[in-house]
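Reviewing the structure listed below.
Derivation of every value follows stated rules applied to the coordinates shown; laboratory data play no part. This one's a predicted model, so the numbers in the text were calculated from it and none came from an experiment. Cβ atoms come from the backbone with ideal geometry, glycine included; neighbour counts cover every protein chain shown.
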C-alpha cells in the first residue's frame, strides 16, 4: 500500500481502502437513497418504537400462555367429569353435596374451553400480524373470563340451597383467573379482574344470604362472604403488583438487549466480547468527544505482487488468516480495529474505553503481531509475510459520525494523519515498527530499546517530528 503525504487535516478512506489526503482525490459523491427507501429506514432507527414492538410481542406471548392454560384445564376437567361420572354416578353428588346433572357441567366446561381456544386463536393472529391488542378488547375478555364462575354459581343456586352454592368449588375458580391475570403484564387488568370477581361474588352473597349477619356455622352470614369478597379484591391488587414487576423485568431485559445491539451496531465486530461487556456495564456513551488515544496503522508489504499471482479466493483466505490473529492481538491489548484498509487496518487504543496505558498497549500489540507473523512464516502456515506498523499518540475527536440512517464510530484528527505517515516510512527505512516520541515516552520501554530515525517533516507543522524504531 502506498501513501501520499497527507496534510494535517481530517482522515478519510478511498474506495480502494487507502488513506488519502484532501488533495489526492476528489471527495466521493454522496449516494442519495430514494425517498421510499429512506422512509422505510426511518422507523427502523427509532429505538423506542422497536422496544415497544418487542414488548408488545412479549406481552402477547404471555397472553398466549395464559389462554393455553385456560383452554387446556377446562378441557381436561370436562373429560374427567364426564368419564368419572359415567364410571361412578354418585361422584358429582358427593362433590357438590346433592344431585347434579353431569351434562350441564360438561357443557359449561366445553363452552369455556371453546371460548379460550378462540381467544388463543385471536392472540396467535395478533402475534403473526405484529399488532397491538385493543385495550377495550382485553378488558372485555377479562370481564367474560372472571364472570364464568359467577354463571356456574348462579346455575347451582337454582338447583340447590343458594348459600350452599357459594361454598362449592366454582367459587374458588375466581382465584385461578386472578392468578393467571399476572401473565397479562398489566397492573390495571389484574386489579380489574380482582375487582370484578369481588363485586360479583359480593352481589351473589347478598342474593343468597341477604342481610343476615349471624348463622349457626358462620358460613351462612353476610360478613363471612363479604370477607371472602375482600380477599378476592386484595388478590387482584396483589396480582397487579406481580404483573407490574414482571413487566418491568421484561422491559429491563429488552432494554439490555437494545443496549447490546446498540453497541454492536456502533462498533460492529471490531470490539472483543470483553470490551463489549465493559461498554454495556459502564453504559458508555458514544457521543463525540476529545480523547487521548494511540493510533496504529498496519500494512502488509508486497501485497499487490502477492495478489497478482493468486486467485481472489486465495487472496481473501490469506487476508482472513493473518487478520484473525492480528485482530486478536489488538483486542487482547484493549484496542479495537476501527477500519480495514484493503491489505491493512487502522486500530485505536484508548477509545471507546479510556485507557491510561494506551501507548504501552499499542506497542505490546504491535510486538505480538510481529512475533506471531514470524512464528507462522517459520512454521509454514502462511506465505512469507512482512508487515509495517506505525504508532502515534495524541488528542483526537472520537465518536459517532454520520446520519440517522448510517453511523460509524471513528477517530478524526492530526494524530490519525501522522500515524499514517509514520507507517509509510517503514518502506523508506526498511523497518517494521516505527513510533513517534509521544509513544516512545509513554511505552514504558527503556530508551536503549529505541533507535532514533531522521525527523519527519510534516506539512502544517513548524517543528519536525522525531521517529523511533524498536531495535
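A few points about this structure:
- Packing-based exposure ordering (other Cβ within 10 Å, fewest first) of 418, 65, 183: 65, 183, 418
- As a proxy for reagent exposure, ranking 253, 385 by other Cβ atoms within 10 Å from fewest up yields 253, 385.
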